[in-house]
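The values are calculated or read from the model by the stated rules, or taken from the named source; none is laboratory data. None of these values were measured; they are calculated from a predicted model. Ideal geometry is used to build each Cβ from the backbone, glycine not excepted, and the neighbour counts take in all protein chains shown. Note: areas computed on protein heavy atoms with side chains; ligands, DNA, RNA excluded. Shrake-Rupley method; radii C 1.70, N 1.55, O 1.52, S 1.80 Å.
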Amino acid sequence: MRALENCEPKRVFYYFEEICKIPHGSGNTKQISDYLVNFAKEHNLAYVQDELNNVVIYKPATAGYENAPTVIIQGHMDMVCEKRPDVEHDFTKDGLNISVKDGYITANGTTLGGDDGIAVAYGLALLESETIAHPALEVLITVDEEIGLLGAVGLDCSVLKGKRLINLDSEAEGSLWISCAGGLSAISRIPVQRVQADGEKLQVKICGLMGGHSGSEIDKKRANANILMGRFLYGLQREAEYEIISMEGGQKDNAITREAVTEILADKKDVSAIQAYAEKIQGELREEYTGTDAGITIQITEMGAGSEMVLHPTSREKVLFYLMEIPFGIQKMSGSIEGLVETSTNIGIMKLSENEFFGSSGVRSSVEAARDALSDKIQYLTEFLGGTYEIQGAYPAWEYRQESPLRDKMVKVYEEMYGNKPEVVAIHAGLECGLFYKKIDGLDCVSLGPDMKDIHTSEEVLDIASAGRVWDYLVKVLENLKD
């Protein structure tokens, strides 16, 4: 029996489960892209698959909608790949271990990819249906949204004729998203030197953090393990002499880092002082983050005596200076939209290799000048420490459109279905709508989606009932787009 056999609407969840069987992490999308192409072929639908593996599938208008403007239905096929430390899972070849618990779909210790697998499932169910009334559809499924909107950046939009776009990449039922932040990945590389040293090898592990999406959950006041590691190591200098062997934390700069690990070398006489300091700082951090991240844990593991190549003292100071000074979290709230984060940053990845310290921060802002100024700040810090700086995956903000017939129509349909108005909101997370808005002259777009929790984390869940209601709403919206 299929895990989602009893979930409604059946065809939506049939396709969602099929998608979950196929590895589709960012940068590993060829298999899922080919699956979409095969779907188009099996249903005798025209399609385009570009060199990046973006896919567009076309479906003609149903009877009575031949003169209605074309509608683009859009989502992305890649997912963020995160798992709990105790879970064995190879995202490059393993399907997801999904199940239903208390009305939610979970992947049992890994990310679920509801962001944005549900959009793909909605799109395929629409394309398959012979009963839903709709204008001509262009179902666009992009690649690598989670690592800089790369599919949308590289898409040749001449393959699209529609001027109305419904993006299915939100996770809040009852909200229509109509504006979003722009962003970029700020990449720092700082060269380091090493020397030989002897001593007791210890592993410092900071774990137990909530994590979360670095856009939509940056305002939840959660801790970042990379930032906490910098604080711990800086303060440890006052308690004991130690050397740094290795450091690693996080895999994606759009996920707030939940865990970081550093290996250090110290004198045996200082081990007890290091353990005592870890216990003290753990208590202080739990108090500091009460109510938002109270599970913060600092583990010290003894790994035996040995001889290791450690950071030269100057290199160690550079790395600690970087981690103490790199900005994290909300930098500015919007002055015009109450409650909206305007500018933020998240150091989602840090890694110390033999010759280099690497850091990657996700920078977001709804104001392009503020985004670039924050990028400049990180660049200055990096170059001050003798490093090199690079911007990757820059994408524009999706600007609020004063006149939006699509938004007005969708608000009206929602009121007719539910008797109250939906929330019409600007968000801090990045969406591909901003890129399409820049590329397609006169584009009118709105984003919606079902309730999901803890996206980009191993606790991610998708609300089944909400997904059903959003499907019903999407179908009704299409039925009402005759003009």
Review point. If only one of LYS59, LYS41, LYS30 is more than 23 Å from the chain's Cα centre (by Cα), open to solvent by 50 Å² or more (accessible area, probe 1.4 Å), basic (Lys, Arg) and at pLDDT 95 or above, which one is it?
Key: LYS41
Practice item. Working only within segment 382-401, note down all residues that are closer than 30 Å to GLN193 by Cβ, surrounded by 18 or more Cβ atoms within 10 Å (Cβ to Cβ) and either free of Cβ contacts under 8 Å to residues at least 24 places away in the same chain or aliphatic (A, V, I, L, M) (or both). Key: LEU385
Point to revise | Failed condition for MET324, given (1) in contact with a Phe, Trp or Tyr (Cβ under 9 Å, 6 or more places away or on another chain); (2) under 16 Å from ILE245 (Cβ atoms); (3) surrounded by fewer than 21 Cβ atoms within 10 Å (Cβ to Cβ) | key: (2)
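With the condition kept exactly as written, say whether any residue in segment 255-265 is part of a helix (DSSP H, G or I) and under 25 Å from SER188 (Cβ atoms).
Taking segment 255-265 and keeping what is part of a helix (DSSP H, G or I), we get none.
No, that holds for no residue.
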Study note, to complete from the structure: When segment 294-317 is checked residue by residue, the ones that are assigned to a helix (DSSP H, G or I), farther than 10 Å from ARG194 by Cβ and hydroxyl-bearing (Ser, Thr, Tyr) are THR314
Study note, to complete from the structure: The lone condition ILE326 fails out of (1) within 31 Å of the chain's Cα centre (by Cα); (2) β-branched (Val, Ile, Thr); (3) farther than 21 Å from SER188 by Cβ is (3)
Review point. For residues in segment 88-132 being within 22 Å of the chain's Cα centre (by Cα) and of a type in the set (D, E, K, R), which is nearest to ASP34 (Cα to Cα)?
Key: LYS93
Check your understanding: So, in segment 327-358, of the ones that are crowded, with 19+ Cβ neighbours inside 10 Å and small (Gly, Ala, Ser), which residue ends up farthest from SER216 (Cα to Cα)?
Key -> GLY348
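Criterion first (within 25 Å of the chain's Cα centre (by Cα), of a type in the set (Phe, Trp, Tyr) and buried (at least 16 other Cβ atoms within 10 Å of the Cβ)) does TYR35 satisfy it? Step through it out loud before you land on a result.
On the way: within 25 Å of the chain's Cα centre (by Cα): yes; of a type in the set (Phe, Trp, Tyr): yes; buried (at least 16 other Cβ atoms within 10 Å of the Cβ): yes.
Against the criterion (within 25 Å of the chain's Cα centre (by Cα), of a type in the set (Phe, Trp, Tyr) and buried (at least 16 other Cβ atoms within 10 Å of the Cβ)), TYR35 qualifies.
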**Study point:** Enumeration of residues in segment 69-97 that are surrounded by fewer than 18 Cβ atoms within 10 Å (Cβ to Cβ) and aliphatic (A, V, I, L, M)
**Key:** VAL87
**Study point:** Residues (open to solvent by 30 Å² or more (accessible area, probe 1.4 Å) and over 20 Å from the mean Cα position of the chain (by Cα)) located in segment 165-199
**Key:** ARG189, PRO191, GLN193, ARG194, VAL195, GLN196, ASP198
Revision key, fill the gap. In segment 173-216, anything part of a loop (DSSP other than H, G, I, E, B) and in contact with a strand residue (DSSP E or B) (Cβ under 8 Å, 6 or more places away or on another chain) is listed as GLU173, GLY174, ALA181, VAL192, GLN193, GLY208, LEU209, MET210, GLY211, SER214, GLY215
Revision key, fill the gap. Within segment 403-435, of all residues that are modelled with pLDDT under 95 and of a type in the set (A, V, I, L, M, F, W, C), the one most open to solvent (accessible area, probe 1.4 Å) is VAL424
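Among what's in segment 442-466 and is part of a loop (DSSP other than H, G, I, E, B) and either of a type in the set (Asp, Glu) or over 21 Å from the mean Cα position of the chain (by Cα) (or both), pick the residue that is farthest from ILE98 (Cα to Cα).
Per the stated criteria, the residue is GLY442.
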Practice item. Evaluate segment 324-334: report whether one residue or more is modelled with pLDDT of 95 or more and over 28 Å from CYS180 (Cα atoms). Key: yes
Review point. Out of segment 136-172, which residues are polar (S, T, N, Q) and not in a strand (DSSP E or B)?
Key: SER158, SER170
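Taking PRO85 as the residue in question, decide whether it is more than 21 Å from LEU140 (Cα to Cα) and of a type outside the set (Asp, Glu). Show your work before the answer.
Working: more than 21 Å from LEU140 (Cα to Cα): yes; of a type outside the set (Asp, Glu): yes.
Taking the combined requirement at face value, the residue satisfies it.
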Study note, to complete from the structure: If you go through THR257, THR262, the only one that is farther than 30 Å from LEU149 by Cα and hydroxyl-bearing (Ser, Thr, Tyr) is THR262
